[in-house]
Amino acid sequence: MRKPASMWSLETVGRVRLSKHFYMRDFLYSEINGFHGIPNIPDNPDLAIKNGRAFCTALLDPLEETFGRIAVRSGYRSRALNDYGNANKLNCAASDNPIECHIWDRHSGGAAIAGATIVIPWFADQYDQGRDWRDLAWWVHDNLNYSEMWFFPKLAAFNLVWRPTALRTISSYIAPKGMLLRAGQPPSEPIEQRRKRYADFPPLRGIAYPC
């Protein structure tokens, strides 16, 4: 039986720096925890931190350094919290579903996975004015070694997933709904056409930091 975590130990986990721009605490907030009182405490903090570091370093840091602040809509979930959310139809996939990316301490090695639902405010403002979500999807595809993306209608939020071996798939609940890109298949649009979509985007890692 796992020993219950103390407030001190959870605070210590929250202070762990995952990457240049992100701390573990950035991913621990959950409405399910706040409203329903289900603890969001890692079962295996070391594994959650290891996979979270890989995710943030490979994907979230480059996004933050390109577009400015990245808003985390749903980050890490403990298995207990995710089970509760799934059982009560709170937009959580089953904990054993291979695509469930929020339980960072579920697997290690080649089966490791970490992800979050994020919003890029820089793009969300344009999306609200009618911009195509695929402009952002193709930018991520052409610039980052992501594994999976799923886009949602509100705020152009999307699940962004890291795995040691990337699948490179893109799906959406925004029209045109379904899969934009399947694993192992070439993009439906040539690179020249994709680049025209995001020609006005900031350069990758375009923010200058003091030395």
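For this structure, a couple of remarks:
- Looking at the chain, the DSSP beta bridges with both ends there are about 80 percent antiparallel.
- Here the peptides 28-37, 44-53 are ranked by packing, the mean other Cβ count within 10 Å, and the order with the highest first is 44-53, 28-37.
- Net dipole in debye of the chain [+1 Lys, Arg Cβ; -1 Asp, Glu Cβ; about Cα centre; nearest 20]: 200 debye
- Total charge dipole magnitude, region 15-134, about the Cα centre, Cβ charges on Lys, Arg, Asp, Glu only, Debye to nearest 20: 180 debye
- Once the Cα-Cα distance is subtracted from the 0.36 nm per residue extended length, the Ala71 to Asn145 segment shows a gain of 24.6 nm.
- Hits among aspartates and glutamates - C-alpha to C-alpha of Lys20 under 18 Å, sequence gap 8 or more where chains match: Asp61, Glu64, Glu65
- Here Glu64, Glu189, Glu148 are placed in order of increasing Cβ neighbour count within 10 Å, fewest first, which gives Glu189, Glu64, Glu148.
- Label zone (Asn97, point 7 Å along Cα-to-C-beta; backbone nitrogen cut-off 18 Å) within region 117-152: 117-118, 147-152.
- Peptides ranked, highest mean first, by Cβ atoms within 10 Å: ranges 168-174, 13-19: 168-174, 13-19
- Counting every other Cβ atom within 10 Å of each residue's Cβ, Ile118, Ile191 order from fewest to most as Ile191, Ile118.
- Fewest-first ranking of Glu11, Glu192, Glu100, using other Cβ atoms within 10 Å as the exposure measure: Glu192, Glu11, Glu100
- Ser9 paired with Asp125, simple spin-label distance in nm, labels 7 Å along Cα-to-beta-carbon: 4.4 nm
- Ala80/Lys177 FRET efficiency (R0 41 Å; Cβ-Cβ; nearest 0.05): 0.80
- Theoretical ellipticity at 222 nm over the chain - DSSP helices of four or more residues, -39500 (n - 2.57) apiece, nearest 500: -8500 deg cm²/dmol
Each value in this text was obtained by applying a stated rule to the coordinates, not by laboratory testing. The structure displayed is predicted, hence computed values, not measured ones. Here Cβ is always computed from backbone atoms with ideal geometry, including for glycine, and neighbour counts include all displayed protein chains.
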